[in-house]
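In what follows, a structure is listed as structure tokens, so that the remarks can point back to it.
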Amino acid sequence: MDILHAIVLGLVQGLGEFLPISSSAHLILVPWLMKWVDHGLTFDIALHVGTLIAVVIYFWKDWLVLLSKGFTKPKEREGKLFWYLVLATIPGAFIGFMLEDIVETVFRNPVLIACMLILMGVILYIVDRRGKKQIDLQHISLKTSFLIGLSQAMAIIPGVSRSGVTMTMALALGMTREGAARFSFLLSAPIILGAAAVKAPVLMANPEMIDAGFLTGVAVACVSGLAAIGFLLRYVQTRTFLPFVIYRFGLGILVLGVAFYRWAA
């Protein structure tokens, strides 16, 4: 992995994982637009490990409380939240495992990704405008948690955005923007950990893949991920998701235009 490519992709992953713009889409589209060699899904997972480290660092105090209360006081608010997160992880993990081969082939299509960027942008815009925004993270229910987790399964399609679809579902169910963002970020840890664990045997069997570029990408993804988390949690306290909707539209149209130009040429 070229160091410059690793830095760019690490930055793309760190920002895209936590902002509702789809990191998986960007990890495919940036090399496609720049005509770089496709680095493959395994390197994508490695970059996700960088963002996993970021979310653990940012929320380490929260995770300590959640883990402790989850096993010692499961009926208290934090204990319930821990098990809600566990439950919400199951649908996405199951569907991701079952459709792994399709994810690595069919779904890595720029035109499909562009369409999903635009479609999810429309849905996010509508839900952000109409959602009641009354429920904070401390008052999330079992049903709400499960439905958010179920929506996360859609993120196997690049362009949907794991953070985008979970925040969209949370807003649709009446959560505040900040509550939706926090739940989405906490929910990212187990799903990323699971995806990394699935690919761990590949890395162990091919240790030469872990070179300077590989490690650089992970580090950049971690640092930019920390910045993205902090930024979005502050941003959603007073502002809407409209700028991200506009960005999704712009990128989707750009990709469709480039795809048509290359096809016509």
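Looking only at segment 52-64, how many residues end up being touching a residue at least 24 places away in the same chain (Cβ under 8 Å), aromatic (Phe, Trp, Tyr) and either surrounded by fewer than 18 Cβ atoms within 10 Å (Cβ to Cβ) or assigned to a helix (DSSP H, G or I) (or both)? The number of residues fulfilling the criteria is 2. The listed residues are 147, 124, 117, 193, and the only one of them that is surrounded by fewer than 19 Cβ atoms within 10 Å (Cβ to Cβ) and either among the aromatic types (Phe, Trp, Tyr) or within 27 Å of residue 31 (Cα to Cα) (or both) turns out to be 193. Among the residues of segment 127-169, the one identified as within 20 Å of residue 86 (Cα to Cα), in a helix (DSSP H, G or I), touching a residue at least 24 places away in the same chain (Cβ under 8 Å) and charged (D, E, K, R) is 162. Tell me which residues, restricted to segment 237-265, are more than 20 Å from residue 117 (Cβ to Cβ) and surrounded by 12 or more Cβ atoms within 10 Å (Cβ to Cβ). Matches in segment 237-265: none. Among residues of segment 17-38 that are closer than 17 Å to residue 119 by Cα, those with a beta-carbon under 7 Å from a residue that is polar (S, T, N, Q) and buried (at least 18 other Cβ atoms within 10 Å of the Cβ) at least six positions away or on a different chain give the pairs 19/163; 20/161; 20/163; 21/161; 22/161; 23/13.
Selection within segment 13-51: residues that are part of a helix (DSSP H, G or I) and among the acidic types (Asp, Glu). The member of this set that is surrounded by the fewest Cβ atoms within 10 Å (Cβ to Cβ) is 44.
For residue 185, state whether it is at negative phi, in a helix (DSSP H, G or I) and under 16 Å from the mean Cα position of the chain (by Cα). Here the answer is yes, as residue 185 does meet what is asked.
Values quoted throughout were computed directly from the atomic coordinates according to the rules given, and no laboratory measurement underlies them. Remember, predicted model here, so these are calculated numbers, not experimental data. Glycine gets a Cβ as well: all are built from the backbone with ideal geometry, and neighbour counts include every protein chain shown.
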